[in-house]
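To start, the structure itself, in structure tokens.
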Amino acid sequence: MSDKIHDRAEQLIAQERVEGISPADHDWLSAHLQDCAQCANHARHTEHALRGLRTMAIPMPTGLASRTQFRVQLRLQEMREREPKRRALWLACVVSWAFGIVSAPYVWRLFQWFGERTGVPKLVWEVGFGLWWTIPALFFVIVVFMEKMRQSSESELTRKSK
Ligand SMILES: [Zn+2]
């Protein structure tokens, strides 16, 4: 038997599970599975793996479908783990911003005092105060930027692993 016939059988096995096949294809496939131990074995493995996927009861990854299941579970777990971390980052942003607002009058006075003490021109310590204010904004931008970077490198990784 040529490889093409086995390829066709393999494709029909997968297709039968996903979208269904025509009665003619079904007849051809069952005839082939009776003659061909290799493809019959493949069909059994696919059936077994898919049954496991439905019941989520496979203890160890066997076969292609359960490898996919494994990857999906890994991904879900990853996302669950990341969610609180991201929330903590946003919380840190908000807190630093709130702290910036609350502390602004004190910081203004501190800069003013420092300016008067050292004789630094008013414009300079005013700019210094302005820069103080940009710190939370900078922090925010860095967090967003890092998140973007990680996302793009991650999608690259998943592309490569395919
Ligand atoms: Zn075959």
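The values are calculated or read from the model by the stated rules, or taken from the named source; none is laboratory data. Small disclaimer: the values here were computed from a predicted structure and weren't measured. Cβ: placed from backbone, ideal geometry, glycine included. Neighbour counts: every protein chain shown. Note: areas computed on protein heavy atoms with side chains; ligands, DNA, RNA excluded. Shrake-Rupley method; radii C 1.70, N 1.55, O 1.52, S 1.80 Å.
Using 1/(1 + (r/R0)^6) with R0 = 25 angstrom and r between the beta carbons of Thr134 and Arg80, what's the FRET efficiency to the nearest 0.05?
Computed FRET efficiency for Thr134 and Arg80: 0.15.
Using 0.36 nm per residue, how much length does the chain from Arg8 to Val102 gain when fully extended, once their Cα-Cα distance is taken away?
Extending this stretch completely gives an extra 26.8 nm.
Going out from 0 in 5 Å bins, what whole percent of all Cα-Cα distances in region 80-161 drops into each bin?
3, 13, 16, 15, 13, 10, 9, 7, 5, 4, 2, 1, 0
Using heavy-atom solvent-accessible surface (probe 1.4 Å) with all chains present, what is the largest-first order of Lys148, Lys4?
Lys4, Lys148
Under the √(5λ) rule applied to the eigenvalues of the Cα gyration tensor, what semi-axes describe the equivalent ellipsoid of region 3-57? Give them in Å, descending.
20, 13, 9
At 1.4 Å probe radius, can you tell me the per residue accessible area of region 3-57 in Å²?
69
Find which of Ala92, Leu131, Met149 sits farthest along the positive direction of the dipole of region 80-161, computed with +1 on the beta-carbon of Lys and Arg, -1 on that of Asp and Glu, about the Cα centre.
The listed residue farthest towards the positive side: Met149.
To the nearest 20 debye, what is the magnitude of the charge dipole of region 80-161 about its Cα centre, counting +1 on the Cβ of each Lys and Arg and -1 on the Cβ of each Asp and Glu?
260
Compute, for Trp113, the solvent-accessible surface of its heavy atoms (probe 1.4 Å) with the complete set of protein chains present, and express it in square angstrom to the nearest 10.
For Trp113, the solvent-accessible surface is approximately 140 Å².
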